[in-house]
1. Rg to Rh for the range 74-142: what is it, with Cα atoms only and Rh by Kirkwood?
2. Using the Kirkwood radius over C-alpha pairs as Rh, can you work out the diffusion coefficient of the range 226-296 via Stokes-Einstein at 37 °C, viscosity 0.692 mPa s, in µm² per second?
3. With charges set only on the Cβ (+1 for Lys and Arg, -1 for Asp and Glu), what does the dipole of the range 169-302 come to about its Cα centre, in debye to the nearest 20?
4. For the range 258-336, report the translational diffusion coefficient in µm²/s to the nearest whole number, using Stokes-Einstein at 10 °C, 1.306 mPa s, and a Kirkwood Rh over Cα pairs.
5. Multiply the residue gap between D257 and A53 by 0.36 nm, knock off their C-alpha separation, and tell me the result in nm, one decimal place.
6. In the range 141-254, if every C-alpha pair distance is counted and binned at 10 Å from zero, what percent goes to each bin?
7. Could you work out how much longer the chain between S163 and R114 gets when fully extended? Use 0.36 nm per residue separation minus the Cα distance between them, nm to one decimal.
8. As a footprinting exposure proxy, order S72, S219, S199 by other Cβ within 10 Å, with the fewest listed first.
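Throughout, read-outs are computed from the coordinates displayed, never taken from laboratory work. Predicted model only: the values in this text are computed from it and were never measured. No Cβ is skipped: glycine too gets one built from the backbone with ideal geometry, and neighbour counts run over all protein chains shown.
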Amino acid sequence: DGTALEDACKLCAATELELVLLTFADMDTKQSEEFVTAAMDGDAEKVESVLSAPYDPDVKNGRGHTALYQSSTKGHTQVVRLLLEARADPDVPVNQGVRPLMMASGLGHLETVRALCKAGANMEQIEDVNGNTALNLAAYHGRLDVLRFLVENGAQLHHRSMSGETCLNLAAQKAGADVVRYLLEQGLDMDAADNTRTSSLMLAARYGQVGAARVLLESGANKNLVDIAGATPLMLAAFQGHIEVIKLLLEASVEPDVVDTDGGTALYLASHEGKADVVRLLLQARANPDAATKRGTTGLMKASLNGHLGTVHLLLHADADQNRVTEAGSTALMMAAFEGHLEIVEALLDNGSRIDWADKEGHTRLMDSSTMDWADNEGTTALMEASQQGERNVVRLLLKPTCQYEFDEQER
């Protein structure tokens with residue numbers, strides 16, 4: 001690299017003398033591709049042959065990858081050492097600024113990590129867009145042995161990513177109980193949150209990491225924190241359907257009916273997504289089946305709208321109010337009829353849903369899906385609505401004699 005050598009400097013091998021005396025030979029595109037591929041394949045003999053030419057060890061292929069990056073990614077430590085001995089730069093970034101140490105750390109190649117660090121790889125180099133260090137990636141992917149090595153060699157535990165995540169936040173999403181426990185033992189704040197105020201316990205709940213959630217709860221993590229949208233760990237787990245995490249949280253005596261910024265509860269979110277097992281568990285925990293958002297929408301309405309028949313049955317069995325009306329005047333039956341969910345319409349009717357209510361525009365549930373001749377305030381008939389929606393089976397159901405009788409009785 002042009003550095004003057006002292007007279008007392010000792011060279012240990014003939015290849016070192018060649019590297020000192022010779023300039024790098026030119027490498028064409030084909031040769032660079034073959035060189036990087038050989039490194040990726042762990043072909044130490046071919047890599048050593050190329051380096052003895054000598055060629056620049058930091059040459060990149062057409063995808064912007066170096067031989068050191070590819071061999072580090074694959075954990076080919078022998079090749080990595082050859083490249084480092086040939087003065088490959090351990091911190092040369094490839095696409096998106098990723099360094100060899102980051103890849104080796106995230107993929108758990110401990111011996112490769114050792115070799116890179118011995119060659120002076122910067123443990124604090126960050127990725128461009130995510131802002132994660134090698135330690136962050138080891139934590140996220142659950143590489144406990146790599147994580148320990150980096151910490152013992154001075155890697156900073158308190159670095160945050162661009163989104164404000166600590167390594168504990170990252171570990172809670174994927175790594176598992178052992179890594180979370182290790183990081184807590186290093187003194188990390190268990191309730192530290194990212195830029196959206198999402199804590200490690202919330203992240204464990206969102207991603208269904210039962211082991212991580214258990215360790216955090218046992219360590220005293222705050223189970224009542226809310227994120228920027230007002231969501232609790234229970235809500236995040238309910239929305240994703242992570243039943244085992246929900247059991248843990250309920251055993252820890254979390255309140256099931258806390259509302260987020262929109263007024264939704266864990267039961268509402270689970271009903272929205274049709275997570276029937278979660279709905280059953282929350283109802284057993286005495287969650288309110290009629291809890292509604294600020295717009296008056298209940299879990300039964302969302303389950304009816306989205307076609308979640310099993311969830312509808314559970315909520316009806318829990319005596320959810322099927323005739324409740326939103327601010328816009330809609331009911332669960334109207335929503336199911338509009339979307340053509342025949343079995344749900346039938347279930348609601350069997351449980352006593354009224355079919356004569358009209359919303360604020362004068363639409364009845366029948367108008368949303370049947371051929372009744374009533375017109376709304378704009379003169380639109382149910383036949384017009386039915387034609388537009390094309391829900392023939394719902395029309396037939398709502399025109400059964402029992403429905404017609406109920407409608408006629410209430411019309412009078």
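1. 0.94
2. Reported coefficient: 282 µm²/s.
3. Numbers: 13 positive and 16 negative charges, 70 e Å.
Once rounded to the nearest 20, the dipole reads 340 debye.
4. Translational diffusion coefficient: 134 µm²/s.
5. Computed gain between D257 and A53 is 66.3 nm.
6. Answer for the range 141-254: a P(r) of 16, 50, 28, 6, 0 percent.
7. Full-extension gain reported as 14.8 nm.
8. S219, S199, S72
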